[in-house]
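Some notes on the structure that comes next.
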Amino acid sequence: MPHSTQSTTIFRRLLGYLTRYWRMLAVALGAMATMAITEPVFARLVKLLVDSGFVTRDDGVMAMMPFYIVGIFLVRGIANFANEYATAWLSGQLVRQLRDEMFAKLMRLPVQFYDDQPAGRLMSRITFDVGQVTEAGFNVVTVVVKDGLTIAGLLGLLLYTDWRLTLVCFTVIPAVATSIRVVAKRLRKLSRDSQHEMGNLTQILGETVHGQRIVKVYGGQDNETARFTRTTEALRRNTIKQSAASSISTSTTQFMIACALAVIVHFASSRAANGTFTAGDFMSFMTGMLMLFGPLKRITGVNQSLQRGLAAAESVFVFLDEPAEADHGTLEPATANGEIIFENIDLRYPKAQRDALTDISLAIRAGETVALVGSSGSGKTSLVNLIPRFYEPSGGRILLDGVALPDIRIAALRRHIALVSQDVVLFNDTVGNNIAYGMKADAPALADAARAANALDFIEAMPQGFDTLIGENGVRLSGGQRQRLAIARALLKNAPILILDEATSALDTQSERLVQAALENLMKSRPTLVIAHRLSTIENANRIVVMEHGRIIEIGSHAELLAKGGAYTHFHQLQFKAEQAAHHVRD
C-alpha cells in the first residue's frame, strides 16, 4: 500500500473511534473554530485602531477599542478552556478504548501467537504505543484544525487587504509541501525503530526481573546491564535523529516564510509611500503576516508527532487485526463422558523442520487413565495440548464423545477440562481466589479442595489463611506449595476430563504420596491423561503409551510393557538405577 494511502487509512480508522463521541468532538471543533476566528478578527481590529484611532482621531472608536480587545480575548479564553478540556477527555477515551480492545484481543489470540511474539513487545504495544497514538488521534487534529482554520482566516484577511502582496505568500507553499513529504518518510521509519527498541527494553526488563535469582547466581549482572545499555543508547540515538529531521524541516520552512515576508515588506512599503496603502492596511497586513508564523510553525512541526503517532497506530491496528482463535463450533454440550479419540493425528509447528506428531491414533475410554511416557521432545505435551485446542492438528481429527472438536465451541470444550502443569501459573491474589480462579466457590468447597490436595495445613498456617496474598506467581510459596494449589484448583473445577502434565514433579515424597492418592480418587470417574517423569506414579494407569520422535511405539499396562522388555522397560531400569543411587547418597 502506498505510504500516503496507508496513512490516510490509519487516520480514518482513528477518527472512527473519535466520532463515537461526536458531541464532545463537536465541542472541541467548535472551540477550535472560535479560537481560529479570533486571530484574523484581532488583525483586522489593528487596522481600525490605526486608521480610526490615530489617523482620523475617531473618539467613538477609541472609546470602544478596550471593550473590543477584552471581548476578543474573553471569547478566546473560554474557547481555549473548552478546547483543552474536550481534547483531554477525547484523548483519554481513545487511549482507554484502544487498551481495552487490545486486552480483549489478547484474551482471544491463539497460543501460537504467544509463542511467536516476545512478551516485552506485547506489553510495549499496550502501554507505550497506545499512548503515542493520541498524538495522531487528536493532538494532531487540534493543531491541524485550529491552526489550519487560523491560517485560512488570516490568508483571507490578507487577500481582502491586498491580494497582490498575498500571492507572494503562495510562492513558498510547493517548497514547504515537498520538505514535509520528504521528512515524513524519514520520521515514520525512525518511529517504527523506536517502537521496536522500546519493545526490546520492556523485554529485557521483564526477563531480568523474573530471572533475577539466576542473574545473581550466575553473575549475569554485567551482561544484562550491557544489554539494557545498548537498548537505551539505541533509543537515545533514534530520538536525536527524529529531533534533527524535524528541526531541519521546521527551520527550512521558517526560512522560506522569512524570505517571502521580506519581499512583502519591500513591496508594502513602496505602495504605502505611493499612498495606495493606508497605515492601517499596512499594520493589519503585517500583523496578519506575523500571526501566521505561529500556526505555520506548529503545522510544520506537527509532522514529527503525526508520523510517530501514525507509526504507533499502525502497530496497534496490526495487533487488533490479528486473527483470533478459530472458533466455528456451534455445539455446547452441558456434560461430557470424556471419550477421546485421536484419528491419524499429525502436527507440525510453524517454521519447524519436522512433524512434532506423526500418525497418532489413540482411543481413551470414559473413566480410563492413560499415561504418556517418553524422553524430552517425544511429543507428549504436544499431544495433550491438542485436546483443549491450544494448537490445531495439521492432519487427522480428534473426537470428544463422537463429536469433532472444531464442532464444539472452544469455551464449552474447555469448561470440561482441568489442567495441572509442571509450570504452575498463579496470580498476585489471595490463596482462595487462586484456587477458585474462573469459578465461584464458597468457603467449605475451597477447604475441601485444599484438603484433598494436601494444601489445607499450610494454608491455615498462613497469616490470613485463604485471604493471604501470595505475590506474583506465588513467589512467597515453595514449589511444592504452589503445585498443590494448582492441584486444588483442578480438584475444585471437577471437570470431566483431567490433564496432568508432570503434576507432582515439585512435591517431596511424602506430599506426593498424599496428593497422588487424592488424584487417584479423582481419576476414577473421568478420563485422565497423565504425562509423568517418575514412572512410579503411573504404575496403576489403565494403559501406558510410550512415545518417541512424535510417534507411538508401545502401548500396554505397566506389567505388560515390562514383560515386553522394550523401550518402557529401558526407561524403567534407568529410573530405578537413578533412584537407587539417590537413595544411597541420602543414606
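The values are calculated or read from the model by the stated rules, or taken from the named source; none is laboratory data. Note that the structure is a prediction, hence the values are computed from the model and not measured. So basically every Cβ, Gly included, is an ideal-geometry build from the backbone, and we count neighbours across all protein chains shown. Accessible surface is based on the protein model in full, side chains and every heavy atom, while ligands, DNA and RNA are left aside. Shrake-Rupley method; radii C 1.70, N 1.55, O 1.52, S 1.80 Å.
Structure summary
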quantity: Candidate residues Met198, Met107, Met62, Met123: accessible-area rank, largest first, probe 1.4 Å; calculated: Met107, Met123, Met62, Met198
quantity: Assigned charges on the beta-carbon of Lys, Arg, Asp, Glu; segment 297-404 dipole about Cα centre (debye); calculated: 760 debye
quantity: Listed residues Val316, Val265 arranged by accessible area, highest first, probe 1.4 Å; calculated: Val265, Val316
quantity: Label-point gap, in nm, between Ile555 and Asp423 - each point 7 angstrom along Cα→Cβ; calculated: 2.9 nm
quantity: Virtual paramagnetic centre 7 Å along Cα→Cβ of Thr127, amide N under 20 Å, in segment 428-466; calculated: 428-429
quantity: Gain on full stretching of the segment that runs from Lys351 to His533 - 0.36 nm per residue minus C-alpha separation; calculated: 62.7 nm
quantity: Using distinct alpha-carbon pairs, which all enter the 1/r mean, Kirkwood radius of the chain in Å; calculated: 30.2 Å
quantity: Between 0 and 90°, nearest 10: helix 567-586 axis offset from the chain longest Cα axis; calculated: 90 degrees
quantity: Largest to smallest accessible area among Thr358, Thr278 [probe 1.4 Å]; calculated: Thr278, Thr358
quantity: Rounded tilt (10° steps) of 443-452 against the dominant C-alpha axis of the chain; calculated: 50 degrees
quantity: Extension gain (nm, one decimal) between Thr335 and Arg23, 0.36 nm per residue minus Cα-Cα; calculated: 107.4 nm
quantity: Modelled FRET efficiency - R0 22 Å, Asn494 with Ala366, Cβ distances, 0.05 increments; calculated: 0.90
quantity: Inter-probe distance in nm under a simple model that places probes 7 Å from Cα toward Cβ, at Glu520 and Phe67; calculated: 10.0 nm
quantity: Efficiency of FRET between Gln464 and Ala244 - r from beta-carbon atoms, R0 56 angstrom, step 0.05; calculated: 0.50
quantity: Using alpha carbons only: equivalent-ellipsoid semi-axes of segment 62-133, gyration tensor based, whole Å; calculated: 49, 10, 5
quantity: Charge-dipole axis of the chain as Lys and Arg at +1 and Asp and Glu at -1 on Cβ define it, positive-most pick from Val373, Gln254, Leu48; calculated: Leu48
quantity: Evaluated at q = 0.29, 0.30, 0.34 Å⁻¹: base-10 log I(q)/I(0), Debye formula over Cα of segment 373-415; calculated: -1.09, -1.13, -1.29
quantity: Residue-span extension gain [Asp327 to Gln254] - 0.36 nm each, minus C-alpha spacing; calculated: 20.6 nm
quantity: The chain, dipole about Cα centre (Lys/Arg Cβ +1, Asp/Glu Cβ -1), debye to the nearest 20; calculated: 1740 debye
quantity: DSSP loop chymotrypsin sites (Phe, Trp or Tyr not before Pro) with at most 15 other Cβ within 10 Å: longest gap in the chain; calculated: 1-217
quantity: Area of Ile555 that stays accessible when all protein chains are in place (1.4 Å probe, Å², to 10); calculated: 60 Å²
quantity: Antiparallel DSSP beta bridges within the chain, percent to nearest 5; calculated: 50 percent
quantity: Using a Förster distance of 22 Å, the FRET efficiency for Arg409-Val111 (Cβ separation, nearest 0.05); calculated: 0.80
quantity: With all protein chains modelled, accessible area of Leu290 [1.4 Å, Å²]; calculated: 100 Å²
quantity: Tilt relative to the chain, helix 221-273 - C-alpha long axis, 0 to 90 degrees, to 10; calculated: 20 degrees
